[in-house]
Amino acid sequence: MGWDAGPWPVSDGLHAVAGRWTAALTAGTRDHAVPMSADQTRLLLTELAGAFEAAAHTPEPTDRVAELGAELARSHFVGSEVLGRSIAVLGAHFGATGAIPSDRLTEMLGAFANGYVQTFRGWLLAEQARLRAAEIAVRRGVEQQLNYRAHHDQLTGLPNRSRFIDALSAAFADATADFGLCYVDLDHFKIVNDTYGHATGDALLVQAAARLSACATRPGQLVARMGGDEFVILVPQHSGGFAAAELAQTVLDAFARPFDIHGQQPSVTASIGVMAGRTDHSSAEELLQATDTTMHWAKAAGRGRYAVFDAERGRRELTRTELSAAMPAALARGELFLDYQPIVTLADQRMVAVEALVRWRHPDLGVLTPAHFVDLAEDNGHIGALGALVLERACHTSREWHDRYPDDAPTVSVNVSAAEVADPTWLDRVRHVIADTGIPPDSLQLELTERAFMQTSGRPLEALHTLAALGVRIAIDDFGTGYSNLAYLSQLPLDVIKLAGPFIHRLRNPDDNSPADVLVLESIIELSHALDFTVTAECVETRYQADRLHDLGCDTAQGWLFHRPMPADRVTDLLASRSPTPPQHTVRSGATPPSR
Ligand code: C2E
Ligand code: MG
Ligand code: MG
């Protein structure tokens, strides 16, 4: 304690005790603040000392005295030593004067201490709460500040990428929310930067942001800067209301006026990707990515315009890397399946064969055609697994057709890549599948493109010869797209020439086929027959094509005129529905069966 009550003079009156009390609370080292001046303190303590003495002469002094202790605390004399020093002064004074009997004095000092402590505790709690509230308020202030900085772009003041993703994710998560997106990118912004300097570039971005904000003033529309010269707008689409494409046009119109920056008038257009609705994307990020891609379509189409997302185009342009990475799991999970496209005789349109065409039912992208992934599988080394799967599936299906329609089962034609044939284990695998399913070898046909044949020589070519000797039919696919000549073809173990789609396309209608084209076709067919090949035309879409090809001696045909590719079950239905006519294994009408 930094203060001592000392010896107490008996004759001291109230003023003296107030003086000593004041000194006790204000003198020496202390841990409490004195909330008032020395005079005010003395006045207060004189009053309290007087009331203390007066209370002693009432029948029940404790309540009154407790109130005096409380008053001291309420007057902000708070700190760990205030009570001790006060009790010491009061005890010494009234003990020495004998004005209050000693047992009553003890009782009263206790009541004084109680009153003080209770009020002090209440004050302490209130003070702690006040400090906490103040601290929270300060922290919140720093946070509202940091939050604003974290969610807004410094230059334009627009919401930034992270704020936008939050809003888009929330909209995406709400299944009832219908919305679109506009992804806006300034055209040739780099040139503005390079020509006029970065300060002008920045000023342009600020003005562009202002124009965008002025275009998107409807409720719920949100403009954000994604970075650089890229902006994005979230467009809630109310039923029959404002659509994203309309907003894109409004933005293009707004950009038609030249800008005015530091006396320069740069003309800047924008390219916009429009996503009209959430389409079938599975996340907000994916949706945004697709809108960005769509913006690049607008750039590619000449800039200063908008392009609307098209799922089919999106699918085509998906990065090869993603598909490549997903391929092993797709093979393991059975996402690949086969459709079969009938091949019919041109003489009487009988289905004599089917071509197995692989498809990938991608969980996000829907059904992908082989153009999306076969050459990818060739590049990434998965073609062996893919080919094995196709061959096994096709041969097992062939087995079922043989079991149910022994006289009518179509030849099953399977596409094979050069890379597969080059694999030393391939020959054994094919032989194994044939033996395993027990299908007649000549009901299996293998198609290699002209290009694939050109890459096949030496041991792989021997493998094809071996299979041909076994009875397996070998076809050259897409013939006419490469550079092979018929003399070279005679070296190959071939049974069938499949004329490529572009060849057949030239015969689409009577008005636009050139006599030269017809002559070339006629020669190929004639020479093929001379070499004992069967000729199949691909991509036959019109009756005129079918008739002309029949006139030219073409044997069989495949194409939308007859059948689209279909699931195995539908081929089974075709087999079931057709009239019981004798099975036809020779596909070339009126000609001898092809021999080697
Ligand atoms: P391809 O062997 O020339 O197969 C014919 C393609 O033409 C098929 O396309 C078929 O759907 C399409 N087509 C059929 N009729 C018509 C028509 O009338 N008009 C038009 N415009 N097109 C028609 P798809 O299924 O997309 O197959 C493309 C290519 O993918 C195939 O061409 C083949 O080279 C390759 N392919 C398909 N399945 C496999 C496979 O299992 N393994 C390998 N290695 N390649 C395959
Ligand atoms: Mg083919
Ligand atoms: Mg083909």
Do you know which residues across the stretch 99-118 are buried (at least 17 other Cβ atoms within 10 Å of the Cβ) and either among the basic types (Lys, Arg) or assigned to a helix (DSSP H, G or I) (or both)? 105, 108, 109, 111, 112, 113, 115, 116
With respect to residue 428, is the statement that it is within 16 Å of ligand 3 (Cβ to nearest atom) and not in a loop (DSSP other than H, G, I, E, B) true? no
So which strands (runs of 3 or more DSSP E) stay within the stretch 136-255 end to end and still have 2 or more residues that are of a type outside the set (A, V, I, L, M) and surrounded by 18 or more Cβ atoms within 10 Å (Cβ to Cβ)? 179-186
How many residues does the stretch 498-524 contain that are of a type in the set (A, V, I, L, M), at pLDDT 85 or above and exposed (fewer than 15 other Cβ atoms within 10 Å of the Cβ)? 2
For the stretch 298-331, how many residues are modelled with pLDDT of 90 or more, buried (at least 16 other Cβ atoms within 10 Å of the Cβ) and not hydroxyl-bearing (Ser, Thr, Tyr)? 10
Considering every residue within the stretch 407-416, establish whether at least one is within 16 Å of ligand 2 (Cβ to nearest atom), of a type in the set (Asp, Glu) and crowded, with 20+ Cβ neighbours inside 10 Å. no
Mind listing just one residue for me: the one in the stretch 477-488 that is more than 16 Å from ligand 3 (Cβ to nearest atom) and of a type in the set (A, V, I, L, M, F, W, C) and, of those, surrounded by the fewest Cβ atoms within 10 Å (Cβ to Cβ)? 487
Could you check how many residues of the stretch 65-85 are buried (at least 21 other Cβ atoms within 10 Å of the Cβ) and closer than 17 Å to residue 54 by Cβ? 5
Exactly one of 263, 228 is at positive phi and within 27 Å of the chain's Cα centre (by Cα), and that residue is 228
Please name all residue pairs, on different chains or six or more residues apart, with Cβ atoms under 6 Å, provided the first residue is in the stretch 185-205 and is in contact (Cβ under 8 Å) with a residue 60 or more places away in the chain and the second residue is of a type in the set (Lys, Arg). 187/303
Looking only at the stretch 319-376, which residues are of a type in the set (A, V, I, L, M, F, W, C), within 16 Å of ligand 3 (Cβ to nearest atom) and either out of contact with any Leu (no Cβ under 9 Å at 6 or more places or on another chain) or touching a residue at least 60 places away in the same chain (Cβ under 8 Å) (or both)? 338, 343, 344, 353, 354, 357, 371
All positions within the stretch 20-65 that are of a type in the set (Asp, Glu), out of contact with any helix residue (DSSP H, G or I) (no Cβ under 8 Å at 6 or more places or on another chain) and in contact (Cβ under 8 Å) with a residue 24 or more places away in the chain: 31
Is it the case that the stretch 396-416 has a residue that's part of a helix (DSSP H, G or I) and polar (S, T, N, Q)? yes
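Residue by residue, here is whether (1) more than 46 Å from the chain's Cα centre (by Cα); (2) more than 22 Å from residue 383 (Cβ to Cβ); (3) not assigned by TED's automatic domain parsing to the domain that holds residue 497 holds:
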site	(1), (2), (3)
442	yes, yes, no
453	no, no, no
458	yes, no, no
465	yes, no, no
468	yes, no, no
474	no, no, no
Residue that is surrounded by the fewest Cβ atoms within 10 Å (Cβ to Cβ), among those in the stretch 440-476 that are within 16 Å of ligand 3 (Cβ to nearest atom) and either among the charged types (D, E, K, R) or farther than 19 Å from residue 488 by Cβ (or both): 451
Does residue 531 satisfy the condition of being in contact with a Ser or Thr (Cβ under 6 Å, 6 or more places away or on another chain), of a type in the set (A, V, I, L, M, F, W, C) and surrounded by fewer than 19 Cβ atoms within 10 Å (Cβ to Cβ)? yes
Filtering the stretch 35-55 down to residues that are under 15 Å from residue 78 (Cα atoms) and at pLDDT 90 or above, which residue is surrounded by the most Cβ atoms within 10 Å (Cβ to Cβ)? 45
Residues of the stretch 298-319 being part of a helix (DSSP H, G or I), closer than 22 Å to residue 373 by Cβ and touching a Phe, Trp or Tyr at 6+ places or on another chain (Cβ under 9 Å), in sequence order, are 313, 317
One residue from 91, 69, 79, 95 being modelled with pLDDT under 90, in the same structural domain as residue 20 (by TED's automatic domain parsing), small (Gly, Ala, Ser) and assigned to a helix (DSSP H, G or I): 95
Please verify whether the stretch 388-401 includes one or more residues that are in the same structural domain as residue 447 (by TED's automatic domain parsing), within 19 Å of residue 558 (Cα to Cα) and modelled with pLDDT under 95. no
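The values are calculated or read from the model by the stated rules, or taken from the named source; none is laboratory data. Bear in mind the structure is a predicted one, so any value in this text is a computation, not a measurement. Using ideal geometry, Cβ is built from the backbone for each residue, glycine included, and neighbour counts are taken over all protein chains shown.
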